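**Student:** Below is the structure I would like to discuss, written out as structure tokens.
The values are calculated or read from the model by the stated rules, or taken from the named source; none is laboratory data. Bear in mind that the values here come from a model prediction, so they are computed numbers and not experimental data. FYI the Cβ positions are ideal-geometry reconstructions off the backbone, even for glycines, and counts take in every protein chain you see.
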Amino acid sequence: MATSEGVSTSAIDAAEIRVKFCLDGQHATEQAASELAHTDLASLTPITKAPAYSGRRGYSGYWWLASVRRSVPFSTLSEVDMLISLDYSNKYTQFIHNPFRISWPTSSRSKRRQR
């Protein structure tokens, strides 16, 4: 077990990693990441929406993808770069923005120093 500034960096048991996702766009489901292999990922709907508010420094919106003939939401310009690259590759038939949220246990000790 290695430590960095007093924080444990030991391996996390894969069974402890949880994934939260939506199949119908309304009801979120949470399960172990190991069980995700039995889920039809193409039927997932976004778990979160791209942030949009007045005064936001970043860019968010929708980008038209010719390969799937629809607009896909993005939250950052890095996501736009990736969407453009994937669209030109013509290897993909579906894009899902933020299909799931991943969580894992954290140590009880705070990672941020209190001053």
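**Student:** For the subset of segment 18-47 comprising residues that are under 21 Å from residue 72 (Cα atoms) and acidic (Asp, Glu), which member is modelled with the highest pLDDT?
**Tutor:** 40
**Student:** Scan 92, 62, 53, 88 and give me the residue that is free of Cβ contacts under 8 Å to residues at least 60 places away in the same chain, surrounded by 10 or more Cβ atoms within 10 Å (Cβ to Cβ) and part of a loop (DSSP other than H, G, I, E, B). Please lay out each step first, then the result.
**Tutor:** On the way: 62 fails: part of a loop (DSSP other than H, G, I, E, B); 53 fails: surrounded by 10 or more Cβ atoms within 10 Å (Cβ to Cβ); 88 fails: part of a loop (DSSP other than H, G, I, E, B).
Being free of Cβ contacts under 8 Å to residues at least 60 places away in the same chain, surrounded by 10 or more Cβ atoms within 10 Å (Cβ to Cβ) and part of a loop (DSSP other than H, G, I, E, B) holds for just one of 92, 62, 53, 88, which is 92.
**Student:** Restricting to segment 26-65, count the residues that are in contact with a Leu (Cβ under 9 Å, 6 or more places away or on another chain), more than 20 Å from residue 82 (Cα to Cα) and of a type in the set (Ser, Thr, Tyr).
**Tutor:** 3
**Student:** In segment 69-85, which residues are under 12 Å from residue 59 (Cβ atoms), surrounded by fewer than 16 Cβ atoms within 10 Å (Cβ to Cβ) and not hydrophobic (A, V, I, L, M, F, W, C)? Break it down into steps so the answer makes sense when it comes.
**Tutor:** Residues of segment 69-85 that are under 12 Å from residue 59 (Cβ atoms), as a first pass: 73-81.
Then keep just the ones that are surrounded by fewer than 16 Cβ atoms within 10 Å (Cβ to Cβ); that gives 76-78, 81.
Selection gives 76, 78, 81.
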